Amino acid sequence: MNNVLSTISVKKIFAEVPQYIISSNLDIDINSFINQLPQFDLYETVLRLDLSENLNNSVPTKQAIIKTVWSPSGLIINGHCALAILTNTGALHILVPTFNEVELEEYINIANVSQHCVNHFRESWTKLDKANSTTKLQELMKRAEEVTPSACAWSHLIDNRNQKYCLFIVGHLNGGLTVWKFSARNANDIKQDKLELMGFYKTELKKITALQWQQAGKNGLLIIGDLEGKVKAVSITNINGESLTFGNEMYLWNEPDNIIVEHFDILIYNKMIYILIVKGSFLLICLINQSGKLLDVFSFQVGNFQITGLQHFEENIYLVLTFTGVLKEFKLSCEDNKIKVDWRPLYVDFKWSSVRTHGLIVSPNKVFIMILVNISQLKCRKYSKDPVRLLVFMNMGKDPLAVLMKNNTDALTTYWDCLEILRLDGLLEKKLPCDGLPAGLDYDKLSLIQLKTCLWLAQSSEMMYNKMYTIEEYNILRYEEFKYIVQIKLAIDHMQHLLELIAEGTRLSEFHMQSLDIINMFLKEKICNDTIPNLGLGKNTIDELYEVISAANELEYPSPPTCLWCKENILFAHLEFCLIIIICVEIASLIIIQIVGLSCVPTHIDTRCTISFMPITGLPYYKCPYCECIVHNKLNEVYNTVLCSYCDVPMNFVSFLINSDDCDTKMEVQGCKDGIDTSSCSGDCLNESINLIDIEDHAFKSIEEKGDVVNLLRVSSSEDEDDSIKMEEDKKSEI
């Protein structure tokens, strides 16, 4: 929120594309008989990427990602997702996010799905030792079409007997389906996953180009589209973690019109199921009732150019984007079991003649849309470094500040689009994001989520107030003051959560009892030094403080934690009502009283958990990827998902990378070392017995020989310093 640039704030993480060649793992070497093939077969073999990746005396095919599919949230511990990537050569991999001990965030490949498919189908392959070249080619094509993935989809997150997993459905070139089980993983677990095959299904379609999963209770409905334009729906039932059943199937579109099926979307509205199918410039809409009967199919042509974006907007409204930048709004309804479509064009203020669209994104709260475009005119490309752009358009029909203040989810997790569009609009229109807040706002009556909203509005408003001299009025508290209020409210909220667990009969660990004791003392300190009224808080906050402090005073606590640095107890004395350390400093006959409740004497920098207030002395711990606040790893004992205290986003788990089944993600620094990926500084030099001084001398010597900027990079020796000192003394003597 403190970004001063008037461009949307995005986070970029680069993931390396794994290099895998399917044709080299089909047990038939194409280089041994390619020169003996007939001319037509030779041309077909060279042009097919799934066969010609590993040809001798040819340029290797550059693998590029053509499709990415995110898994459901929570498949990776603490609300994170896995990422499936499909390349142009049919290589399919699953990547997981990691955050290692030096806080380097990257995506690591943990499952080669294509290799799993090869291993499964290899059992049915026959040997062709003495076959001719044509027979070998036919068998090679059959194996490639049987194995090579062409589409993929994730199921919903299934929780079966405390075992969480997802079904990963893979469509192949020959129309087959393989369903794999991908179990939920701990954070930073990078050991290779052994996918379990749950089932195989032959769809009788051609090359599968699109898949869509729709949850139906404990079962699911799978929508399948192929290269010829056919669309089929298959029910999947009896999912028990080891097997499943492919149930009833029906065609939604049985006509092979040779228009490729590109995308699906499913809408459930008024007890009816609408299945939207994107086929070139046509939008097919299928209507299905709750019993699974196909009632109607509606076909609509959006224009002469293909559809590049389809997104659900509100209730029964969809946005459709075409290749030339035309945006249309579709409103779906049902009358007498027939589909009714009302549509209208939407005006988007942009010069579309110079660009072509490739994607449409709608923010979670529909306050803005983003369109991915590519510059099409050569004269425009000449002046642009990057021809690919992401255009952002604000929805003028919604007030993002009103959406924020009506947030009933108790979290900002899905409301950051409103904060971001307020920041962008403020920079462009020269106004503060907090201008829409009512005057004389009573902070004591605001909920915790509303205070967090004001916190981030204050940060962006302060940034603009300091940068723009045309803004004269600032009508809310400062960012640091809001952060202090939120810190107090978070302490009360965490105490209430722990006290509720105790009331339910849960026995808290020593760590959480120590945390409860520290937070109790922290809140007492804020009462004693009049922090509550100084921040504009009143009766509601005082009542909450009285309730939690009264309940906490009735408990018995273990000995306080010890500071790692000064070996002193974090809490020094226990009085009946509050803990106060009074340091009296007499300056000019004035006595200054300072209350120190949570720091050591003498005070020093300490790393504390923003929720439990407990010290963090080493790995592992949680860290917010945005505001960088940290949380103790033991908070996952009382919270299912550890969210950032201020941002409400899932936090990254900072630890060593786990590459073995013997290690646990909750290990301490002194714990297990086997199977941990660590890097020792200058390890290569020590193994090769190379002198580090020689390396540095050689490096600087090469720079001097190349004639680069020697004065900026040259490191002077002691002899050079002595010579320079003598020269300065000689100059002084001459003067």
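From the P(r) of the range 295-394, can you give the percent of Cα pairs sitting at distances over 19 Å? List each step's numbers first, then the result.
Numbers: 2358 of 4950 pairs.
Taking all Cα-Cα pairs of the range 295-394, the fraction more than 19 Å apart is 48 percent.
What is the Å³ per residue value for the convex hull set by the Cα atoms of the range 248-318? Present the calculation step by step, with values, prior to reporting the outcome.
Numbers: hull volume 6.7 nm³, N = 71.
Spread over its residues, the Cα hull of the range 248-318 gives 94 Å³ apiece.
Between L346, S281, S291, whose Cα lies farthest towards the positive end of the dipole of the range 273-367 when Lys and Arg beta carbons carry +1 and Asp and Glu beta carbons carry -1, centred on the Cα centre?
Projecting each Cα onto the dipole axis, the largest value belongs to S281.
Applying a 10 Å radius around every beta-carbon, put 177-187, 288-298 in order of their mean neighbour count, most first. Spell out each step's value before the answer.
Details: 177-187: 20.6, 288-298: 13.3.
The packing order, highest mean first, is 177-187, 288-298.
Against the globular-protein guess of 2.2 N^0.38 Å, express the Cα radius of gyration of the range 488-527 as a ratio, rounded to two decimals.
On the way: Rg = 10.2 Å, N = 40, 2.2 N^0.38 = 8.9 Å.
Against the compact-globule rule of thumb, the ratio is 1.15.
Using the Karplus curve 6.51 cos²θ - 1.76 cosθ + 1.60 with θ = phi - 60°, what ³J(HN,Hα) values do you get for each residue of the range 136-141, in whole Hz, with x for Gly and Pro?
4, 5, 4, 5, 5, 5
Lysines near K218 by alpha-carbon distance under 16 Å, same-chain residues fewer than 8 away left out - which ones?
Excluding near neighbours in sequence, the set is K164, K181.
Using the C-alpha gyration tensor of the range 400-556, what are the square roots of 5 times its eigenvalues, in whole angstrom, with the largest one first? If you can, show how the numbers build up before the last one.
On the way: eigenvalues 238, 59, 31 Å².
Listed largest to smallest, the semi-axes of the range 400-556 are 34, 17, 12 Å.
Evaluate 2.2 N^0.38 Å with N set to the residue count of the range 395-478, then give the Cα radius of gyration divided by it. Intermediate values should be presented prior to the final figure.
Details: Rg = 12.5 Å, N = 84, 2.2 N^0.38 = 11.8 Å.
Expressed relative to 2.2 N^0.38 Å, the Cα Rg reads 1.05.
Run down the lysines and flag those whose C-alpha is under 27 Å from the C-alpha of K340, throwing out any fewer than 8 positions away in its chain.
Counting by Cα, and skipping residues close in sequence, K340 has these lysines nearby: K230, K232, K271, K279, K293, K328, K331, K366, K398.
What net charge is computed for the residues neighbouring L401, neighbours being all others with C-beta under 13 Å from the C-beta of L401, Lys and Arg scored +1, Asp and Glu -1? Don't jump to the answer; show the numbers that get you there.
Details: positive: K398, K406, R423, K431; negative: D399, D417, E420, D425, D435.
Value of the local net charge: -1.
Just round it to a whole percent: the fraction of Cα-Cα distances in the range 324-463 exceeding 23 Å. Kindly include the intermediate steps, with their values, before the conclusion.
Values: 5065 of 9730 pairs.
Of the Cα pairs, 52 percent sit more than 23 Å apart.
Which order, highest average first, do 41-49, 22-30 follow once you tally other Cβ atoms within 10 Å for each residue and take the mean per peptide? Write out the running numbers ahead of the final one.
Working: 41-49: 14.7, 22-30: 19.0.
Taking the mean over residues of other Cβ atoms within 10 Å, the ranking is 22-30, 41-49.
Would you list, by chain and number, the lysines whose Cα falls below 17 Å from the Cα of K11, excluding same-chain residues fewer than 8 positions away?
Within the straight-line limit of under 17 Å, K11 reaches these lysines: K623.
Two decimals is fine: what's Rg over Rh for the range 1-65, C-alpha atoms, Kirkwood radius as Rh? If you can, show how the numbers build up before the last one.
Working: Rg = 20.4 Å, Rh = 15.3 Å.
Result: Rg/Rh = 1.34.
Sort 396-407, 620-631 for me by packing, meaning the mean count of neighbouring Cβ atoms within 10 Å per residue, highest on top.
Numbers: 396-407: 15.7, 620-631: 19.2.
Per-residue Cβ counts within 10 Å, averaged per peptide and sorted highest first, yield 620-631, 396-407.
Less than 14 Å Cβ to Cβ from L490, Lys/Arg counted +1 and Asp/Glu -1: what total charge do the surrounding residues give? Please list the in-between numbers first.
On the way: positive: K452, K483, K489, K526, R608; negative: D410, D493, E544, D648.
So the surrounding residues net to +1.
What relative contact order, as a whole-number percentage, does the range 365-511 give when Cα pairs under 8 Å and 6 or more residues apart are counted?
Details: 134 pairs, mean separation 26.9, N = 147.
It rounds to 18 percent for the range 365-511.
Sorted from largest down, what three extents in whole angstroms do the Cα atoms of the range 40-80 have along their principal axes?
That gives 53, 19, 12 Å along the principal axes, largest extent first.
Values in this text are rule-based calculations from the coordinates and carry no lab data. What you are looking at is a predicted structure, and each value in this text was computed from that prediction instead of being measured. Don't worry about glycine lacking a Cβ; one is built from the backbone with ideal geometry, like all the others, and counts go over all protein chains shown.
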